[in-house]
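Beneath this line is the structure, given in structure tokens, with notes to follow.
The values are calculated or read from the model by the stated rules, or taken from the named source; none is laboratory data. Since the structure is predicted, the reported quantities are computational estimates derived from the model, not experimental observations. Here the Cβ positions follow ideal geometry from the backbone for every residue, glycine too, while neighbour counts run over all protein chains shown. These area figures cover heavy atoms from the full protein model, side chains too; ligands, DNA and RNA do not enter into them. Shrake-Rupley method; radii C 1.70, N 1.55, O 1.52, S 1.80 Å.
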Amino acid sequence: MAKPTQLKEEGNRRFQAGDYVMAEALYSQALIADPSNPALYTNRAMARLKLSQWDSAVADCTACLALAPSNIKAHYSLSQAHLALRAYDDAVTHALEAHALSAKAADKSLGTITAHVLKCKKERWDDAEKRRVREVSALEREVMELLRREREVAVREAGGDGLGGDALQREVDEEWEDKMLKMREVFEKARPVEEQKRREVPDWAIDDISFGVMVDPVITKTGKSYERASIVEHLRRQPTDPLTREPLYAAELRPNLDLKQACEEFLEENGWAADW
Amino acid sequence: MSAGFAAKRLGKELQKISTSLPPGIELVTAENFEEWLLDIKVLDSNPLYENETYRLKFRFGSTYPIEPPEVVFIQLPDRPIPIHPHVYSNGIICLDLLGQQGWSPVQNVESICMSLQSMLTGNSKNERPPGDEDFVRANRQRPKDIQFYYHDNDV
């Protein structure tokens, strides 16, 4: 039988070539021989993500995290699987975990993970919004139906005693027509159309490099804040402050915690802005 | 950097400049996130540039805005190449801001256009860069790979 490392390398080659079925099988074989290697679990999880096998990808990531609790890839893959399974809170939690670990390790994946955090938040917000709209429109149908029935009863009762019934019926009918119209206006006002108009992202929440809403703002010596992933990428190319061109090193960046919290709060209320 | 980083940022820039641009700058075409065309005018009465419109071609790589875009003037029947000691007659621009050293990722298409407007406005020399003819004949490099010698940074 081949050695686990050979199986893993062959699996990686198959993965690179896009043959995820074969890659998954090879990683599985390797795991039989070496069940305590965290990298084998994350590799198989990535193959399983490609194959849309979300539940088994979750199992692999969980197994990996039991062995190596701060494995960036495991948190990242786990978040992707949860997102596909619409477990939005779990997706956000593990995306943030992966982000924190990646930032700490100055890992190359920071940009990708930052984008993924925003994507998770956006999808979570979209889902909540969709549910809210669905609930409101179901309620609207129900209320209108109740009113329509009440109206029928009221009109019928008004015409009951025959004398001058027609005029009274008309009066009651008009009264109800008015009530229903007003009710419809109330629902109309509550529709999210209003929100669309106000959809502007405040400048303080925007990173001047990526133009996205900041997930992890860091502040420079000159007092300007940027998204960590963006500024780190720039400093890798050129260690200067983007505004003043004075020397600046990644180690000199400090987290801007108040701004981070403000951005988080803004996104909670305005999830659409995550991919603005 | 993650895939689509440049496209995402350019999408946002486009959204902004399609609704408003400073005077003298106009978006001509931006059908993709690789190449945009813009027109610029010099607004004051500098006789070298009065009543002329110049066409700029922006080319963006996948690493924009970490790396600068490539920006050149292009010539059309009604769009000449402006005369300037930092603009070669083939449209290549020698501007610190567009070079590897002078670029900063907080710059953007709009700010580049404004810098070029003011580079023209501030000029009074009716001349091309020294060695223009030789450069235009011999150059086969992409503008951003050229190591310009910034001979007179005060222009």
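Annotations
- With 10 Å bins beginning at zero, the pair-distance distribution over Cα atoms of chain B amounts to 10, 41, 37, 11, 1 %.
- Taking label points 7 Å from Cα along the Cα-to-Cβ direction, residue B:26 and residue B:14 give a separation of 2.0 nm.
- The coefficient of translational diffusion for region B:4-66, derived via Stokes-Einstein from the alpha carbon Kirkwood radius under 20 °C and 1.002 mPa s, stands at 166 µm²/s.
- Per residue, the convex hull spanned by the Cα atoms of the protein assembly as shown amounts to 244 cubic angstrom.
- Rounded to the nearest 10 degrees, the angle from helix A:228-237 to the longest Cα principal axis of chain A is 40 degrees.
- Shown for the protein assembly as shown: the carbon plus sulfur share of the solvent-accessible area, taken with all protein chains present and a 1.4 angstrom probe, equals 51%.
- Rounded to the nearest 20, the size of the Cβ-charge dipole of the protein assembly as shown about its Cα centre is 1700 debye, with Lys and Arg at +1 and Asp and Glu at -1.
- Taking one quarter of the surface of the convex hull spanned by the alpha-carbon atoms of region B:67-130 gives a direction-averaged projected area of 4.7 nm².
- List A:252, B:34, ordered by accessible area with a 1.4 Å probe, largest first: B:34, A:252
- Percent of alpha-carbon pairs separated by more than 27 Å within region A:120-276: 53
- In region A:1-75, one over the average inverse separation of all distinct C-alpha pairs is 11.9 Å, which is the Kirkwood hydrodynamic radius.
- Nearest-ten-degree value, helix B:5-19 long axis tilted from longest Cα axis of chain B: 70
- Neighbouring partner chain Cβ atoms per residue of B:102-108, average, 10 Å criterion: 6
- Note on chain A: helix-only mean residue ellipticity at 222 nm, from DSSP H runs of 4+ residues weighted -39500 (n - 2.57) and normalised by residue number, equals -22500 deg cm²/dmol.
- Residue A:17/residue B:59 FRET efficiency (R0 30 Å; Cβ-Cβ; nearest 0.05): 0.40
- P(r) tail fraction, region A:203-275 - alpha-carbon pairs more than 20 Å apart, %: 26
- Going by accessible surface with a 1.4 Å probe and the largest first, B:119, A:183 read A:183, B:119.
- Taking Lys and Arg as +1 and Asp and Glu as -1, the other residues whose beta-carbon sits under 15 Å from that of residue A:47 total +1.
- Chain A: angle of helix A:165-190 to the longest principal axis, Cα-based, in degrees nearest 10: 20
- Which of A:93, A:21, A:39, positive extreme of dipole for region A:4-97 (C-beta unit charges): A:21
- Largest first, the residues A:48, A:131, A:170 sort by 1.4 Å accessible area into A:170, A:131, A:48.
- Checking the Cα-Cα distances for A:121/B:8; A:50/B:12; A:121/B:12; A:122/A:260; A:8/A:108; A:119/B:57 against a 21 Å cut-off, the pairs over it are A:50/B:12; A:8/A:108; A:119/B:57.
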